[in-house]
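A.B. asks: Sharing a structure with you now.
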Amino acid sequence: MNPLYTVLIGVVLFWLILGELNKRYDLSKYCIEFQGIILLWRTKRFNDFIDSVSRKGKKFWGAYSIVGIGAAVIGMITVFYFLFQSALKVLMTPEPTPGVGFVIPGVTVPFWYSIIGLIVVLIVHEASHGIVARANNISLKSVGLALFVAIPGAFVEPNEEELKKTSRLTRMKVYAAGSMANFVTALIAFILIMGVISPMLTPSGIEIVSIEDTSNAFGVLMQGDIITEINGIKIETLQNFYDIMANTKPGNTMNIITNRGGFDVLLKDHPTEAGKGYIGIVTSQNYNSPINMKILTPINGALSWIFLLNFNIGLINLFPLPFLFDGGKIFKEIVDIKFSEARSNIIQKVFAVIGILLFAINILPSLL
């Protein structure tokens, strides 16, 4: 069964059980609220912290949020273009790959690394909304956690009446602040990876991640083996391995030296490239470091997923889909400048239909 279907069944059971618990125990006593397929938990415990941060360096938060608006506009154009181009490829390619994937810890992405990344995404995104709101004297009702079907989230709830009465520029600052924080966090993670982690890593062979059970390497090589030499040629990087494989043919025998010893493997026909040899293994780069790799590897993994999730989720959040993403709210403010309320509403509805279609087309291949 497709893992996504297993997850969907689990989600349905979760909501049925939760609904029954709510009937019996009235979860609103614990500040838990149901809004259709959205579950909310509200609290005011973090309001004082957000107030404290917003009061320090108001000039900084002013400049930060202005840059955020610029980044948001660029992000809106970028993500719309990406999804449009990706949708065309899905429609025109015989065997399309999804342009947008589901982030399901343990199913589509590594469990712990993605959990850490998602927590960081939610915290910095919502905290940034709250800080910019308070820096512009908009009060907060509450902060909390949310669950939209199976998508976890967090929220900072500004006073809607105060937000409506403030200037258009201020509203755009508040809306853009979340993705701005995600981009800044992604940049920090990238700098740490490239400036601190990478210099500590020395390429040292390639690790076998998996082996096809129909290949001649199956039962000879093992998952976790480190390949250091092939046919007398030293292998330090993945590129070394790719260069050797590019010059092989079916029927060639490869003498492979690993951390367990030497082995001979007869190459088969490549399934997609005629005339090339095929060994049937998936590999990843192995490294040595002056710091214990058992410590450095999880740090590097966590930072990598913090970078990936903050950048990609921050960008997707800027898609100009009205009524759902921050990009939609910013889009509404921009459209309202140029058009009457009636025309603005029509434009937003058109973009809503286009946006839903683009997401559906991009996601469809992952469900098949």
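A.B. asks: For region 228-254, enumerate the residues that are in contact with a helix residue (DSSP H, G or I) (Cβ under 7 Å, 6 or more places away or on another chain), in a strand (DSSP E or B) and surrounded by 14 or more Cβ atoms within 10 Å (Cβ to Cβ).
C.D. replies: Scanning region 228-254 gives a single hit, ILE230.
A.B. asks: Right, next: Which of the numbered conditions does MET245 fail, given that it passes all the others? Conditions: (1) closer than 30 Å to GLY68 by Cβ; (2) modelled with pLDDT under 95; (3) of a type in the set (A, V, I, L, M, F, W, C).
C.D. replies: (1)
A.B. asks: Hey, among PRO271, PRO320, which residue is in a loop (DSSP other than H, G, I, E, B) and not assigned by TED's automatic domain parsing to the domain that holds PHE82?
C.D. replies: PRO271
A.B. asks: Can you tell me which residue in region 128-137 is farthest from MET172 (Cα to Cα), limited to those that are buried (at least 24 other Cβ atoms within 10 Å of the Cβ) and touching a Lys or Arg at 6+ places or on another chain (Cβ under 9 Å)?
C.D. replies: Filtering region 128-137 for residues that are buried (at least 24 other Cβ atoms within 10 Å of the Cβ) and touching a Lys or Arg at 6+ places or on another chain (Cβ under 9 Å), the one farthest from MET172 (Cα to Cα) comes out as ALA135.
A.B. asks: So which residues in region 323-354 are part of a helix (DSSP H, G or I) and within 24 Å of VAL109 (Cβ to Cβ), if there are any at all?
C.D. replies: Answer for region 323-354, where residues must be part of a helix (DSSP H, G or I) and within 24 Å of VAL109 (Cβ to Cβ): ASP326, GLY327.
A.B. asks: Considering LEU309, LEU321, LEU358, LEU364, which residue is more than 30 Å from SER215 (Cα to Cα) and either charged (D, E, K, R) or touching a strand residue (DSSP E or B) at 6+ places or on another chain (Cβ under 9 Å) (or both)?
C.D. replies: LEU309
The values are calculated or read from the model by the stated rules, or taken from the named source; none is laboratory data. Please read all numbers here as calculations on a predicted model, not as lab measurements. Note that we place each Cβ from the backbone using ideal geometry, even for glycine, and neighbour counts take in every protein chain shown.
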